[in-house]
Amino acid sequence: MIERRSILMTAAMFEPRSLAATAAALDRELTDAEPAEIVAQAQRTLGRGRVAVVSSFGSESAALLKIVAEVDAAIPVLFLDTGWMFEETLAYRDAVVARLGLTDVRTITPSPAALARDGARDLWFADPDACCTLRKTAPLAHALTAFDGWINGRKRYHGGERATLPVVEIDGLRLKFNPLARVTRPEIDAIFTAAELPRHPLEAQGFASVGCMPCTSRAAPGQQVRAGRWAGRDKTECGIHAVLAPAGADVSTGHMR
Ligand code: SF4
C-alpha cells in the first residue's frame, strides 16, 4: 500500500466551491507524483468503492489498468459498450481483465429506450455529438452516480484539449484523476514491455487509438495518436470529458451489467 500525505473528503468538501478547492490542493500535491501514487491517493481521498476507473480498453488502456491492479485489483472499472465496439476490443477487454486479475469490471450500455432513438443506427453519421451523448455520455453519467470520483487514462501528449491536463480536476460534483497526465508515449510502451502486457489486436493494423467502429480509422505515420478518431469531422472528443451530470440533467439512460 502506498502511504502518502492525504486529503480525506468530508461531506462539506462536496460543496461545489469546496470541491474545486480540494481538487486544486490535490493537483498541487500530486503534480509530480507517480501514476500509482495518484491512483492510491484517489482511493484514500474518496474511500474504497467510491472511486471508479473508466476504461475504453483501447490501445493504451492496459498501462493504466496494470497500475490500477497493482494498487487494488478490486477498484471498479467501467467499460462503455456503445453497441459499436470492435469485436477485437471486446475480446481484448476479456484478455486484459484476466491477465491483470481485475475483479470488478462493469460493462455500461445505453438503455433500450435510448437506443430506440437511433433505430436506424445512422446517428453516428448524421449527428455524432448526439450519438455520443446517447451511447456514451448519458450512460456514463448514470453509472458514475454511484461514485464520488473517477480515474481515466488521458495524457498530455495526446495534444489538443489534453495538452494542458491537470492531474486532478472536478467533474460536476466529483473529483476526476488523470494519473497519466504527464506520462510520455515511451513510458507507456515501457509499462507494456516490462509487464509483458498484450497489445490491442488492431494496433498492428495501424489503429493508434481505438474507439467505436464507424468513427475510428487508421492514423498515418507521424500523425497524433488520436488523428484517426472522427477523421474528417469537426470533432475530437466524445464528450465524456466535458462536465458530466450537471444539476437537473437526465442521466437515466444507462444500464450496467
Ligand atoms: Fe456514436 Fe461514433 Fe460517438 Fe461511438 S464515437 S458513440 S459511434 S458518434
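Just so it is clear, none of the values below were taken in a lab; they were calculated from the coordinates. Just so you know, these numbers come straight off a predicted model, no measurement behind them. Glycine gets a Cβ as well: all are built from the backbone with ideal geometry, and neighbour counts include every protein chain shown.
Determine which member of the set ARG199, ARG218, ARG226 is within 19 Å of the chain's Cα centre (by Cα) and either free of Cβ contacts under 8 Å to residues at least 24 places away in the same chain or part of a loop (DSSP other than H, G, I, E, B) (or both).
So the residue among ARG199, ARG218, ARG226 that is within 19 Å of the chain's Cα centre (by Cα) and either free of Cβ contacts under 8 Å to residues at least 24 places away in the same chain or part of a loop (DSSP other than H, G, I, E, B) (or both) is ARG199.
Go through the residues of region 40-55 one by one and say whether even a single one is within 15 Å of the chain's Cα centre (by Cα) and without any contact (Cβ under 8 Å) to a residue 40 or more places away in the chain.
no
Check region 49-70 and report whether any residue there is over 28 Å from PHE207 (Cα atoms) and surrounded by fewer than 23 Cβ atoms within 10 Å (Cβ to Cβ).
yes
Kindly indicate whether any position in region 64-87 is within 22 Å of THR236 (Cβ to Cβ), among the hydroxyl-bearing types (Ser, Thr, Tyr) and in a helix (DSSP H, G or I).
no
Of (1) touching a strand residue (DSSP E or B) at 6+ places or on another chain (Cβ under 9 Å); (2) buried (at least 22 other Cβ atoms within 10 Å of the Cβ); (3) not aromatic (Phe, Trp, Tyr), MET213 satisfies all except one. Which?
Condition (2) is where MET213 drops out.
Closer than 20 Å to VAL96 by Cβ, surrounded by fewer than 20 Cβ atoms within 10 Å (Cβ to Cβ) and among the hydrophobic types (A, V, I, L, M, F, W, C) - does that describe any residue in region 157-170?
Looking through region 157-170, none of the residues is closer than 20 Å to VAL96 by Cβ, surrounded by fewer than 20 Cβ atoms within 10 Å (Cβ to Cβ) and among the hydrophobic types (A, V, I, L, M, F, W, C).
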